[in-house]
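To start, the structure under review is shown below, and the notes come after it.
The values are calculated or read from the model by the stated rules, or taken from the named source; none is laboratory data. Keep in mind it's a predicted model, so treat the numbers as computed, not measured. Counting neighbours? That spans all protein chains shown, and the Cβs are built from the backbone with ideal geometry, glycine included.
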Amino acid sequence: MADQTSEKQSVDPNKPYKGRFKSYHRIPEKGRDKKDILNELSIMAEEENMKWKTGQVSGTFYHAEDEHRRFLNEIFSFFSHVNTIQFDLCPSMFKMESEIISMTANMLHGDAVKKQNPEDEVCGTVTSGGSESIMMAMKVYRDWARAEKKISNPEIIMPDTAHPAFDKAGKYFGIKMVHIPVSLPDFRVDPRAVEQAINKNTVAIAGSAGNYPYGLIDPLQDLSDIALRHKIGFHVDGCLGGFILPWIEKLGYDIPVFDFRLPGLTSISADTHKYGFALKGTSVVLYRNNKLRRYQYFNVPDWPGGMYASPTGAGSRSGGLTAATWSALVYLGEEGYLQGAKAIMNVADQIKKGIQDIPELKLIGEPTFVISFRSEEVDIYHVNDYMKTKGWRFNCLQLPPAMHFCVTMPQIFVPDVAKRMISDLKEGVSYAKSKAGTVAKTTALYGLAGTMEGNEQVTELIFGFFDYLYAV
Ligand SMILES: *Cc1c(COP(=O)(O)O)cnc(C)c1O
């Protein structure tokens, strides 16, 4: 196909650049002018930045303040071309990664494991993101149980609210993921239901700190006890909370123990690319001991291309990300993370209080930095419809319908975000009342899932949507 540039400006909100910038169906015969490329992409980036710099977008952009980003990007440029696993040519990579792992382990009370068992010592790897961290841990439990317990049909038990990366691991690695519904009105998993689901094929259980839907921390102390009792693995997903809960706890908030202080916890994931305030594309997975980490490593000793080994799921990874992550940790320091957590909690507390004062809205659980809520009086999706018209981007939750806002740094840099949010939410509730009995726009997206046929329809729609997005 030839290059095509349609004259008409796109009206498709998902493809706003169609017709505005050149679309490529093949590598251009002659390269384009550097300045021209820089100019075009900086326009896209700046326009897209405008969407979240208002402070009205939940989660997604965790730090991204200009000066912070400039610093990390400069560091990135020193090592952008480097492959992290090239340890002979680039010894800086394992220096930095081992220190990222140690700093993360220390933050998550890795020192506690030695007190419980002198032979244990926390270790881990840097991965490309939270999903990979979780998937690696699930693979470890599968392979550990196969080797040491002769379990060939592994099952892992997870709360319904745990991240889909667990299910992805199940599908990719042939592990049966057993879902336990959260109990109402608690919205956290019932440990007794988890224990009842354990059978001879169970290799591990999982919990979150906090989970994505509600930001809530599962009853991890109980899950830890269960894991010890049944001698199985216990993964805590700290992808979201791992780099902020330690600081929130230090600020004096009442945070249940979620890290290596739990004697049954055998692995934990924590995302440097979320509240670690590093660039996108890094996460850390930690294990209680090296025996477990060994099940993550991979090698082919007899490959014609040479001996091949890799510690994580990825092959080559950019050293730029490793260097930027290391730099974020040592640049911010405990002081910087504490300041960030304090500012985030200040906004989160205001939002929480404001929602508590709106009688039609109901908070879900005891929120920290993610505030989730529902309503028994109005259709919460109508409220979301209204908030969208005001430029807010909440995350919509389903089964049951609810919404959440995850507070990050962009809310800190914009004055009065919490106040404006609460005032708009009040109007949103009035709007929802006026629309009672009608179907909300948001429902069109969320109305289908929950039944077998509904889920199939949704999957078909979503996959079709990917196909359409991938079309130039
Ligand atoms: C973001 C997230 C993940 C997955 O992380 P990715 O980095 O997006 O792969 C896992 N668990 C929770 C709770 C998360 O919020």
Notebook entry, point to check: Can you spot a residue in segment 107-114 that is among the basic types (Lys, Arg) and either modelled with pLDDT under 95 or farther than 20 Å from residue 258 by Cα (or both)?
Noted result: no
Check: Does residue 423 count as more than 30 Å from residue 275 (Cβ to Cβ), assigned by TED's automatic domain parsing to the domain that holds residue 363 and either free of Cβ contacts under 8 Å to residues at least 24 places away in the same chain or part of a loop (DSSP other than H, G, I, E, B) (or both)?
Finding: no
Note to self: Going residue by residue through segment 247-256, is there one that turns out to be touching an Asp or Glu at 6+ places or on another chain (Cβ under 8 Å), under 23 Å from residue 139 (Cα atoms) and either away from the ligand (no atom under 12 Å from the Cβ) or not aliphatic (A, V, I, L, M) (or both)?
What the structure shows: no
Notebook entry, point to check: How many residues are surrounded by 11 or more Cβ atoms within 10 Å (Cβ to Cβ) and either touching a His at 6+ places or on another chain (Cβ under 8 Å) or assigned to a loop (DSSP other than H, G, I, E, B) (or both) if we restrict to segment 16-38?
Noted result: 7
Next item on the list: Give segment 266-318 a look and list any residue that's on the phi > 0 side of the Ramachandran plot and in contact with a Ser or Thr (Cβ under 8 Å, 6 or more places away or on another chain), or say none.
Entry: 281
Notebook entry, point to check: If residue 60 satisfies every condition in (1) surrounded by fewer than 17 Cβ atoms within 10 Å (Cβ to Cβ); (2) farther than 27 Å from residue 422 by Cβ; (3) hydroxyl-bearing (Ser, Thr, Tyr) but one, which is the exception?
Noted result: (2)
Next item on the list: Provide a single number: the residues in segment 267-323 that are away from the ligand (no atom under 16 Å from the Cβ), part of a loop (DSSP other than H, G, I, E, B) and in contact (Cβ under 8 Å) with a residue 12 or more places away in the chain.
Entry: 8
Check: Among the residues of segment 206-237 satisfying the criterion of being more than 16 Å from the ligand (Cβ to nearest atom) and aliphatic (A, V, I, L, M), which is nearest to residue 170 (Cα to Cα)?
Finding: 232
Notebook entry, point to check: Are any residues in segment 299-328 surrounded by 13 or more Cβ atoms within 10 Å (Cβ to Cβ) and not hydroxyl-bearing (Ser, Thr, Tyr), and if so, which ones?
Noted result: 311, 313, 314, 317, 319, 320, 321, 323, 324, 326, 328
Checklist line | Condition met for residue 284 (among the β-branched types (Val, Ile, Thr) and surrounded by fewer than 19 Cβ atoms within 10 Å (Cβ to Cβ)) | finding: no
Next item on the list: Report those strands (runs of 3 or more DSSP E) wholly inside segment 164-266 carrying at least 2 residues which are free of Cβ contacts under 8 Å to residues at least 40 places away in the same chain and over 30 Å from residue 344 (Cα atoms).
Entry: 176-180
Item checked: Selection from segment 154-176 of residues that are within 14 Å of the ligand (Cβ to nearest atom), surrounded by 20 or more Cβ atoms within 10 Å (Cβ to Cβ) and of a type outside the set (S, T, N, Q) -> 158, 159, 162, 163, 165, 166, 169
Item checked: Residues of segment 339-383 classified as over 19 Å from residue 215 (Cα atoms) and buried (at least 16 other Cβ atoms within 10 Å of the Cβ), total -> 7
Item checked: Checking residue 188 against (1) out of contact with any Leu (no Cβ under 8 Å at 6 or more places or on another chain); (2) among the charged types (D, E, K, R); (3) under 19 Å from residue 265 (Cα atoms), the condition it does not meet -> (1)
Margin query: Within segment 113-131, take every residue that is aliphatic (A, V, I, L, M) and either outside any loop (DSSP other than H, G, I, E, B) or within 15 Å of the ligand (Cβ to nearest atom) (or both) and give me the one that is surrounded by the most Cβ atoms within 10 Å (Cβ to Cβ).
Written below: 126
Notebook entry, point to check: Taking segment 408-420 as the region of interest, how many residues are in contact with a helix residue (DSSP H, G or I) (Cβ under 8 Å, 6 or more places away or on another chain), assigned to a helix (DSSP H, G or I) and surrounded by 14 or more Cβ atoms within 10 Å (Cβ to Cβ)?
Noted result: 5
Notebook entry, point to check: Is it the case that segment 400-407 has a residue that's closer than 26 Å to residue 51 by Cβ and either free of Cβ contacts under 8 Å to residues at least 60 places away in the same chain or loosely packed, with under 12 Cβ neighbours inside 10 Å (or both)?
Noted result: yes
Notebook entry, point to check: Looking at 188, 142, which one is in contact with a strand residue (DSSP E or B) (Cβ under 7 Å, 6 or more places away or on another chain) and either within 15 Å of the ligand (Cβ to nearest atom) or among the small types (Gly, Ala, Ser) (or both)?
Noted result: 188
